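Notes follow once the structure below has been shown.
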Amino acid sequence: MQFGTGLQKRAGWKGDKHVGRDRDSDRPVEPDERGGTSLATDEYYEGIPSHNLTPLSFRDMPPPLSLGKILGPSVILAGLGVGSGEYIIWPFIAANVGITMLWAALVGITLQFFINMEIERYTLATGETAVVGFARYWKPFGIVFAILALVPFIFPGWATSAITILSFLAPIGEGSIPFITIIALIAMGIALTVSPVVYNTVEKAEFFKVGLTIVFLIIGIFAVLLPRGDILTDLGGVVTNFGQITTSDTVTVSVLLGAIVFAGAGGALNLAQSNYIRDKGFGMGEYIPKIVSPFTGEEQAEPATGAMMRQDEENLERWRGWWRVANIEHFITFWALCVFSIGIFSLIAYATVFDQGIAEAADFSFIQAEGEALKNIVGGWFGTLFWIFGFFSLLLTALAVIDNVCRVIADALKTIHLTDSSISESRVYFIAVWTIIAIGAAILLAGFDQPLVLLVLSAVANGFVMLVYIAMLLVLNRALPEAIKLKGLRLIIMIVCLLFFGFFASWLILSSITGLFGA
């Protein structure tokens, strides 16, 4: 692992300094008050439990960076969303019941913006991930979230989907798809393993994907939507039908609820936003080691426990700078991109294949049928472009999912459960990467399709984990120092998030279990 090198280069950055203050709930615990030996800084924040992990010592907040220097973490998260809901599920809904349900996508993404910013709040203030913060209250949270991050993605669905779409473009036999998928998985593992700093590689890959997405959507606007101007007038139905839920024989409750709960990245995938901004060097994350290649990087075995930012005016001013720029970064590259992509993909499907019954499920058959329809309605070139985009999009989603899940696992295991081990978080990460790839390859070689039970487990696990971490964010961020804690309007919004996703996730879980047992 490598420590951020930007600390000494930032204007006005002079390193840590001790700041005295009167005793209150936000003031650090002094050595004589603890009755024992202190850390090097001789000060700790006592508002968050420390019986499971080392206490949060106080350190200075690094100076904030400009927007241009911190773009990236939310691009990765948005890229994960484009690989599933934006490309497949929401267009399938639009093709079958129209675009009036887009209100639910807008609400879901907007609420996820605020949830993700609370994930970022804790990491900005301490450098720790939200999962580590949860474990300060209950240590088994580390194992729980590692399992809940792994279970939904143990089957290599995105990689298999990418190669399946490639078979629409090239003469690839159905029997060859598993073997080509395994080769693609191994290539992803190698790409992650040899990257000097893994985050940089994933960020570049997702920037490429987002750029490809924007280009495709702009072409779609000019080739499909503008020649059919009456389609845009139908967007008014999104407002007039706000709050109404529309289903059909194909758009079942499970499909609709899954789309609502996981608009954007959703589920367990959002938790890795902590890891992304930490490796990017946001706020107190500048102090935390980064995941690096065991072959080309310099590893550090220290667990990634953090430090609380000091509460003097200079540090609070830096906090306000970080909080402002982090909100702008996430709004532009997550909220706006997800809303734009879901909207345009759905409008393209609505304009070309609405109510034609081209497929009975949001799967490969729908993607193949939509591509063929786009060829006939718009032109052969556009249908082909649709599949080319899908291939690259899902392949890069597979890379980002492997990285995302393994970050959560490595952070939880090393920081919470392997704190005294000499193994580094980077080593744990790469063990997790190759384990997931090996399991995925074994599943494909055994000839298994993704079973219904696993699909149900994925929905249940993601729905459950979302409920748990929203509730824990309310607890964790209310325990931060008064000046930076969750309060006011954001607190009200987070309570709304808990109720909104609690309702839909619970409905999804019950619907999935009922469907599994045929009740």
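Is the stretch 356-410 rounded, prolate or oblate when judged by the Cα gyration tensor, a ≥ b ≥ c being the square roots of its eigenvalues, rounded requiring a/c under 1.5 and prolate requiring a/b larger than b/c? Because a/c hits 1.5 or more and a/b fails to exceed b/c, the stretch 356-410 counts as oblate.
When the pairs LYS414/LYS485; LYS69/LYS487; LYS139/LYS280; LYS209/LYS280; LYS290/LYS414 are compared against a 21 Å limit on Cα-Cα distance, LYS414/LYS485; LYS69/LYS487; LYS139/LYS280 fall above it. Along the stretch 323-333 the Karplus relation, 6.51 cos²θ - 1.76 cosθ + 1.60 evaluated at θ = phi - 60°, assigns HN-Hα couplings of 5, 5, 6, 5, 5, 5, 4, 6, 5, 6, 9 Hz to successive residues, with x for each Gly and Pro. Measuring from a point 7 Å past the Cα of ALA446 along Cα-to-C-beta, which residues in the stretch 152-166 have an amide N at less than 14 Å? Those under the cut-off are 154-156.
Residues whose amide H comes within less than 5 Å of that of LEU56, counting only those at least five positions distant or on another chain, are TYR45 (H built at 1.01 Å from N in the peptide plane). Converting phi to 3J(HN,Hα) with the Karplus coefficients 6.51, -1.76 and 1.60 and the offset θ = phi - 60°, the stretch 464-470 yields 5, 5, 5, 4, 5, 6, 5 Hz in sequence order, with x at every glycine or proline. For GLU128, the residues whose modelled amide H falls within less than 5 Å of its own, excluding neighbours fewer than 5 places apart on the same chain, are GLY306, ALA307. The simple spin-label model puts a point 7 Å past each Cα toward its Cβ; for PHE207 and LEU491 those points are separated by 4.0 nm.
What net charge is computed for the residues neighbouring MET309, neighbours being all others with C-beta under 10 Å from the C-beta of MET309, Lys and Arg scored +1, Asp and Glu -1? Numbers along the way, then the final one.
Details: positive: ARG59, ARG310, ARG318; negative: ASP60, ASP312.
With Lys, Arg at +1 and Asp, Glu at -1, the net is +1.
Each reported figure results from applying straightforward, stated rules to the coordinates on display, with no laboratory input. These numbers were taken from a predicted model, which means no experiment stands behind them. Positions of Cβ are generated from backbone atoms using ideal geometry, with glycine treated the same way; all protein chains shown enter the neighbour counts.
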